[in-house]
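The values are calculated or read from the model by the stated rules, or taken from the named source; none is laboratory data. For clarity, every value in this text was computed on a predicted model and none was experimentally measured. For neighbour counting, all protein chains shown are included, and Cβ atoms are generated from backbone atoms with ideal geometry for every residue, glycine included. The protein model used for the area step is the full one, side chains on, heavy atoms only, and it has no ligands, DNA or RNA in it. Shrake-Rupley method; radii C 1.70, N 1.55, O 1.52, S 1.80 Å.
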Amino acid sequence: MLAVDVEKRLGEFQIAAKFETTGGAAALFGASGAGKTSIVNMIAGLVTPDRGRIALDDNVLFDSAARVNVPAHRRRIGYVFQEGRLFPHLTVAQNLDYGRWMSGLPPDPAEHERIVSLLDIGALLPRRPGRLSGGERQRVAFGRALLMKPRLLLLDEPLASLDRPRKLEILPYLARLRDEAEVPMIYVSHQAGEILRLASQVIRIEDGRVQAAGGLELLDVDGAH
Amino acid sequence: MFDLTPEEWTAVQLSLRIALVATLVTLPFGIAVAWLLARKNFWGKALLDGLVHLPLVLPPVVTGYLLLIWFGRKGPIGAFLDDYFGIVFSFRWTGAALACGVMAFPLLVRAIRLSFEAIDRRLEDAASTLGANGFWVFLTVTLPLALPGVIAGMVLSFAKALGEFGATITFVSNIPGETQTISAAIYTLTQVPGGDAAALRLVVVAIAIALVALIASEWFARRAGTRYHGE
């Protein structure tokens with residue numbers, strides 16, 4: 001379970017978000033510019049909140065009162081970015097192994113094999129990211145985040161940079177990830193359709209604040225798109 | 001006409017050795033300073049930036065003279081290095097390498113700094129979410145992506161070191177076999193009657209070395225570039 005209660009001022013924009021997720025797949029839902037990515041960056045440790053507390057299960061990741069701030073590289077939180085952010089100088093196989101190397105995890109060929117076939121990226125392993133299509137790149141990014149054995153998976157609009165056919169191609173993989181990877185997920189999107197297929201809990205963000213939290217019924221409220 | 005005399009050969013070999021040592025020894029410092037200037041904000045950053053670029057704008061003779069004062073046998077730094085490490089710069093080829101390294105340093109730092117600044121920082125963020133601490137992010141993401149710039153900086157530095165004249169001759173003089181580089185040898189030959197043919201031979205050698213260095217750097221940079229965008 002993830003508990004977030006953070007405040008952050010970014011120029012004129014003020015984020016003050018408080019919510020809890022119950023495990024499984026939760027969606028951060030709201031228009032572009034509502035502050036969703038900033039909130040996710042704070043969870044990942046890439047942005048430091050001005051005040052507040054972030055805890056994953058009983059593990060405090062950030063607490064301004066207690067002066068706790070676990071650096072990003074020690075949080076073990078997988079992050080799939082909107083633009084993939086694969087390392088262009090490494091092959092797909094090396095990208096997939098990167099998290100394991102850096103986290104000092106022993107090789108786990110069975111898990112590797114399972115994720116590679118789940119995402120259907122076996123044929124891409126020797127290639128470099130520059131030669132992949134957008135959809136292939138995102139699938140590799142999912143695999144890279146999963147193979148570091150994260151305690152939580154953050155997906156920040158992972159389909160936003162793809163055209164519609166590519167989105168439809170990726171969605172089933174995401175649904176399989178949710179069902180088979182057994183990692184709690186935070187799925188960020190402004191598309192109600194994607195969330196409907198993937199998430200069970202919805203946190204609606206508006207203007208840097210949590211406007212509502214609950215089930216999928218929150219999606220068809222006016223102004224959701 | 002293109003048979004070099006042993007003395008000319010010595011000057012050519014000495015030049016290559018001095019330029020190579022100057023480039024390789026200054027490289028780690030160049031990378032560190034370039035990284036500081038590209039990524040960090042600290043008190044005295046403008047001063048460091050200015051100091052690094054000073055050899056570019058000072059008359060080389062001034063740089064050579066400052067080196068002589070500081071790094072000579074009786075200079076504060078020169079005496080210390082001699083007493084504790086047995087490293088002597090004055091009137092040795094090591095001194096020529098030091099002068100060349102200092103003169104080429106701004107070019108090295110500039111090229112590497114530009115390539116650090118051009119790197120997509122979001123890739124570094126991605127690496128840190130995957131468990132890499134600052135050191136490993138630098139080693140596995142920042143430095144490999146900056147490689148074309150690092151190579152370009154090294155070639156510039158090498159070329160500058162090969163051609164350096166003013167600071168070197170001021171600091172370590174023009175001793176055949178010890179500090180006489182191609183440039184100094186050409187200069188000497190043009191000052192003596194009948195030295196023209198020998199000077200010309202060395203000129204041709206200098207042009208050839210410069211061309212090879214440029215072509216090699218292009219090749220390395222292109223290779224590094226295609227690795228990121230193709231296979």
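Can you give me the number of residues within segment A:117-137 that are more than 13 Å from chain B (Cβ to nearest Cβ) and not hydroxyl-bearing (Ser, Thr, Tyr)? Lay out the reasoning, then the answer.
Narrowing segment A:117-137 to residues more than 13 Å from chain B (Cβ to nearest Cβ): A:117-123, A:133-136.
Still in the list and also not hydroxyl-bearing (Ser, Thr, Tyr): A:118-123, A:134-136.
The number of residues fulfilling the criteria is 9.
Condition first: free of Cβ contacts under 8 Å to residues at least 24 places away in the same chain and open to solvent by less than 30 Å² (accessible area, probe 1.4 Å). Now tell me which residues in segment A:167-210 satisfy that. Spell out the reasoning first.
Let us first name the residues in segment A:167-210 that are free of Cβ contacts under 8 Å to residues at least 24 places away in the same chain, namely A:168, A:172, A:175, A:179, A:182, A:193, A:196.
Scanning segment A:167-210 gives a single hit, A:ALA175.
Taking segment A:21-72 as the range and being in a strand (DSSP E or B), touching a residue at least 24 places away in the same chain (Cβ under 8 Å), out of contact with any Ser or Thr (no Cβ under 8 Å at 6 or more places or on another chain) and charged (D, E, K, R) as the test, no residue passes.
Conditions tested, residue by residue: (1) of a type outside the set (Phe, Trp, Tyr); (2) in contact with a strand residue (DSSP E or B) (Cβ under 6 Å, 6 or more places away or on another chain).
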{"position": "A:ALA16", "(1), (2)": "yes, yes"}
{"position": "A:GLY24", "(1), (2)": "yes, no"}
{"position": "A:LEU56", "(1), (2)": "yes, yes"}
{"position": "A:ALA66", "(1), (2)": "yes, no"}
{"position": "A:TYR79", "(1), (2)": "no, yes"}
{"position": "A:GLU83", "(1), (2)": "yes, no"}
{"position": "A:ALA93", "(1), (2)": "yes, no"}
{"position": "A:LEU96", "(1), (2)": "yes, no"}
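A Cβ distance below 8 Å, combined with a sequence gap of six or more or placement on separate chains, defines the contacts here; from segment B:73-88, residues that are without any contact (Cβ under 8 Å) to a residue 12 or more places away in the chain reach residues that are open to solvent by less than 60 Å² (accessible area, probe 1.4 Å) and of a type in the set (Phe, Trp, Tyr) in the pairs B:ILE77/B:PHE71; B:LEU81/B:PHE71; B:LEU81/B:PHE89. The residues of segment B:116-129 that are without any contact (Cβ under 8 Å) to a residue 60 or more places away in the chain and either more than 10 Å from chain A (Cβ to nearest Cβ) or not in a helix (DSSP H, G or I) (or both), listed by number, are B:ALA118, B:ILE119, B:ASP120, B:ARG121. Residues that are farther than 25 Å from B:SER128 by Cβ and in contact with a strand residue (DSSP E or B) (Cβ under 7 Å, 6 or more places away or on another chain) number at least 1 in the following strands (runs of 3 or more DSSP E) confined to segment A:150-211: A:201-206.
Would you be able to say whether some residue in segment A:37-45 is surrounded by 14 or more Cβ atoms within 10 Å (Cβ to Cβ), more than 13 Å from the chain's Cα centre (by Cα) and not aromatic (Phe, Trp, Tyr)? No, segment A:37-45 has no match at all. Against the numbered list (1) closer than 23 Å to A:VAL47 by Cα; (2) more than 14 Å from the chain's Cα centre (by Cα), A:ALA141 comes up short only at (2). Filtering segment A:79-110 to residues that are at the interface with chain B (Cβ under 7 Å from one of its Cβ atoms) and under 16 Å from the mean Cα position of the chain (by Cα) leaves A:TYR79, A:PHE81, A:ARG85, A:GLY99.
Residue count for segment A:50-68, restricted to those that are over 17 Å from the mean Cα position of the chain (by Cα) and either more than 20 Å from A:GLU20 (Cβ to Cβ) or β-branched (Val, Ile, Thr) (or both): 4. Is there a residue in segment B:223-231 that is open to solvent by less than 50 Å² (accessible area, probe 1.4 Å) and either away from every other protein chain (no Cβ under 14 Å) or among the acidic types (Asp, Glu) (or both)? Looking through segment B:223-231, none of the residues is open to solvent by less than 50 Å² (accessible area, probe 1.4 Å) and either away from every other protein chain (no Cβ under 14 Å) or among the acidic types (Asp, Glu) (or both).
Within segment A:91-109, the set of residues being farther than 19 Å from A:ILE77 by Cα and in contact (Cβ under 8 Å) with a residue 40 or more places away in the chain comprises just one member, A:VAL92.
Every residue, every condition in (1) open to solvent by 30 Å² or more (accessible area, probe 1.4 Å); (2) within 11 Å of chain A (Cβ to nearest Cβ); (3) touching a residue at least 24 places away in the same chain (Cβ under 8 Å), yes or no:
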{"residue": "B:GLY131", "(1), (2), (3)": "no, yes, no"}
{"residue": "B:GLY134", "(1), (2), (3)": "yes, yes, no"}
{"residue": "B:PHE138", "(1), (2), (3)": "yes, no, yes"}
{"residue": "B:LEU147", "(1), (2), (3)": "yes, yes, yes"}
{"residue": "B:MET154", "(1), (2), (3)": "yes, no, yes"}
{"residue": "B:PHE158", "(1), (2), (3)": "yes, no, yes"}
{"residue": "B:GLU164", "(1), (2), (3)": "no, no, yes"}
{"residue": "B:THR170", "(1), (2), (3)": "yes, no, yes"}
{"residue": "B:GLY177", "(1), (2), (3)": "yes, no, yes"}
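Of the residues contained in segment A:116-136, none is found to be under 20 Å from A:ILE77 (Cα atoms) and open to solvent by 40 Å² or more (accessible area, probe 1.4 Å).
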